[in-house]
Amino acid sequence: MVDRTDGYVTAVGYTHGYYSVLNPLRARLAFLNAGLHIGPIATACELGFGQGVSIACHAAASPTRWHGNDFNAEHVRFARELAAASGTEIGLHQDTFEAFAGRSDLPAFDYIGLHGVWSWVSDRNRAAIVDFIQRKLKPGGIVYLGYNALPGWSALAPIRHLLVEHAGRAEAGLGIVRRVDAAVAFFDALLAAEPAYSRDNPQVAEWFATLKDGDRRYLAHEFFNDHWAPMYVAEVARWLAPAGLSYACSAAFPEHMDAASLSPVQREMLEKIQDPLLRESTRDFMVNRVFRQDYWVRQPRTLSGPERIAALRAERVVLASPRLPRKVRAILALNQAGWYAACEAVLGVLADHKPRTLGEIEQVLGPMGHDLAQIVDAAVLIASCGNLMAAQDDAVAAGVRSRTDMLNAHLIERARTQGDVQHLVSPVIGGGIEVGREQQLFLSALKQGKTRAQEWVEEAATYLGLPHDDDGLNEEASAFANDALPLLRAFQIL
């Protein structure tokens, strides 16, 4: 009998996370900034969708037709529950990668995404993923791939080795969560003994401090599978070559901003490297990359200068937060005065949370001395902080609003008993935005016509088992009214 799990953890379900990087809409700014053509995304696929929160949000909030696979029956059941709640038709298939690649009832795809999965599966399954892409990706189609990267994992991989060795020797019958707990406690004790390994690799203690407080379900799936393989980007390129894929650009906006993250000497060195994979490999050493988020493309087309400018001017964006992180503001103010001024100007134009094209922003800021190139650089930098997002056309948002309303109503109702889904979905951005359980319960009160903050606190406290005068909830309700509520209205979540 074939083992469908192929060494993958199934004893505990994956977390209910949402990953905005899987939203195809955000690929537009990255591709255009890199000077590459990107076409409409009519069909999309998520491989290994886990609990299905991302695929359910992206399908409900856009006209794109989505398919995906996961072999875990409980994951597929939950994903189908979300799809039914929104009334969205999604092809959610309980298949292994090999079985999914062999299906004859799937369309060709404009976009295929997988986040993390590549690092956690066997070579056999990686080959099945490549086979699927080779069969199903359209010419000009995009693949998003997020994976554990080298050299960043070089010093940290031994931790995973020892954790797995300890867990594999646990007493028979001990569940995966308890084995993870025991392994984490064991390594914590090892660090307390001050081994030479941690002295020679000082980043280990800080990294492990974050890991040991992590959700045990996430740790089980991230570290305790039989297969676990961080890779260099050039190695990934060799894997993907049979599918006809070329490296396009990073899906992580900070990687588009060398001037903000690399020294002048480092930038000068990279500028001399013509080969894109050698340049990316070298950059990974400069920043000690731990996780890569890449776009790959079949049959890429470079835009002419006028084509790129026209496409950038038509690109629609919306502001999620007007405040950049303090560290980013300080770096810009000290080292990149021109960028700082452009960022402040773009933030000011978008402060009302209304979507605008970069061309419309240029019309406002051009007379003030900010040209399109500066505006694009500012937009990418603001996006790198998570403060700026791609926005759909108003007609598209209106067309999917009923589905996002139904999915949000379902998630808000669910927040009364469970707090595992920490996002709601916006038709404006075609995807999810973080809204914690407490805020979801405040929204529940608002939808019942309760307009006072104290009523929101009472609603949330009832389901959280807290006193109705809880100080923490009162503070959160005040912040919700002042900061979150205007954004949720602008993003058509309320």
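What whole-number value in Å² describes the accessible area per residue of the stretch 76-121 for a 1.4 Å probe?
Values: 1520 Å² over 46 residues.
Heavy-atom SASA per residue in the stretch 76-121 reads 33 Å².
For the chain, give the share of DSSP beta bridges that are antiparallel, in percent and rounded to the nearest 5; count only bridges with both residues there. Walk me through the numbers before you get to the answer.
Working: 22 of 40 bridges.
Rounded to the nearest five, the antiparallel share is 55 percent.
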Remind me, what semi-axes does the stretch 12-81 give for its equivalent ellipsoid, largest first in whole Å, using sqrt of 5 times each Cα gyration tensor eigenvalue?
-> 26, 12, 9
Residue among W207, A193, L219 farthest towards the positive dipole end of the stretch 94-224, charges placed on Cβ | L219
What does the charge add up to near C249, with Lys and Arg as +1, Asp and Glu as -1, over the other residues with Cβ less than 9 Å from its Cβ?
-> -2
Two pseudo-spin positions, 7 Å from Cα along C-beta at A373 and at F291, lie apart in nanometres by 3.4 nm
First select every other residue whose beta carbon is under 12 angstrom from the beta carbon of E222; then total the charges, Lys and Arg +1, Asp and Glu -1.
-> +2
In terms of modelled amide H atoms, which long-range or inter-chain residues lie less than 5 Å from the amide H of C45?
-> H67, Y111, I112, G113
Starting at the first residue of the stretch 384-389, write each ³J(HN,Hα) from the Karplus equation 6.51 cos²θ - 1.76 cosθ + 1.60 with θ = phi - 60°, in whole Hz, x for Gly and Pro.
-> 5, 8, x, 8, 10, 9
Could you point to the residue in T88, W118, P63 farthest towards the positive end of the stretch 24-118's charge dipole, with +1 and -1 charges on the Cβ of Lys/Arg and Asp/Glu respectively?
-> P63
So, relative contact order of the stretch 91-149 in percent, Cα under 8 Å, 6 or more apart, is 49 percent
Pairs beyond 28 Å (Cα-Cα), from K136/K272; K327/K354; K354/K447 | K136/K272
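Which FRET efficiency value, to the nearest 0.05, do you get for E307 and R77 by plugging their Cβ-Cβ distance into 1/(1 + (r/R0)^6) with R0 = 45 Å?
Numbers: r = 45 Å, r/R0 = 1.01.
E between E307 and R77, to the nearest 0.05, is 0.50.
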Point-charge dipole on Cβ atoms (K/R +1, D/E -1) for the chain, about Cα centre, debye to 20 = 960 debye
Rank these residues by their accessible area, most exposed first, probe 1.4 Å: H166, H58.
-> H166, H58
To the nearest 0.05, how large is the calculated FRET efficiency for Q299 and A189 if R₀ is 56 Å and r is the Cβ-Cβ distance?
-> 0.55
Averaging over all projection directions, find the projected area of the Cα convex hull of the stretch 245-400 and quote it in nm² with one decimal place.
-> 11.0 nm²
Average accessible surface area per residue within the stretch 407-494, 1.4 Å rolling probe, Å² | 42 Å²
So, with points 7 Å from each Cα along the Cβ direction, the N482-K447 label distance in nm works out to 2.7 nm
Could you give the length gained on full extension between A157 and R326, defined as 0.36 nm per residue of separation minus the Cα-Cα distance, in nm?
-> 57.6 nm
Solvent-accessible area of D405 with every protein chain in place, 1.4 Å probe, in Å² to the nearest 10 = 60 Å²
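Is there a quick way to get the dipole size of the stretch 148-278? I mean about its Cα centre, with the Cβ of Lys and Arg at +1 and of Asp and Glu at -1; what is the value in debye to the nearest 20?
Numbers: 11 positive and 17 negative charges, 59 e Å.
The dipole of the stretch 148-278 has a size of about 280 debye.
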Once the dipole of the chain is set up with Lys and Arg at +1 and Asp and Glu at -1 on Cβ about the Cα centre, which of A149, L106, Q418 lies farthest towards its positive end?
-> L106
Amide H to amide H, which residues 5 or more places from G141 or on other chains are under 5 Å from it, using H placed in the peptide plane?
-> R298
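Whats the longest run of the chain with zero GluC sites (Glu not before Pro) that are DSSP loop and have at most 15 other Cβ atoms within 10 Å? Intermediate values should be presented prior to the final figure.
Working: sites that count: E89, E171.
Longest stretch, sites excluded: 172-494.
Pairs of Cα atoms under 8 Å, at least six residues apart: use those to get the relative contact order of the stretch 308-413, whole percent. Present the calculation step by step, with values, prior to reporting the outcome.
On the way: 108 pairs, mean separation 39.9, N = 106.
Relative contact order here is 38 percent.
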Grab the other residues whose beta carbon is less than 12 angstrom from that of G52, score K and R as +1, D and E as -1, and report the net.
-> -2
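The values are calculated or read from the model by the stated rules, or taken from the named source; none is laboratory data. Keep in mind that this is a model prediction, so the values were computed, not measured. Cβ atoms come from the backbone with ideal geometry, glycine included; neighbour counts cover every protein chain shown. These area figures cover heavy atoms from the full protein model, side chains too; ligands, DNA and RNA do not enter into them. Shrake-Rupley method; radii C 1.70, N 1.55, O 1.52, S 1.80 Å.
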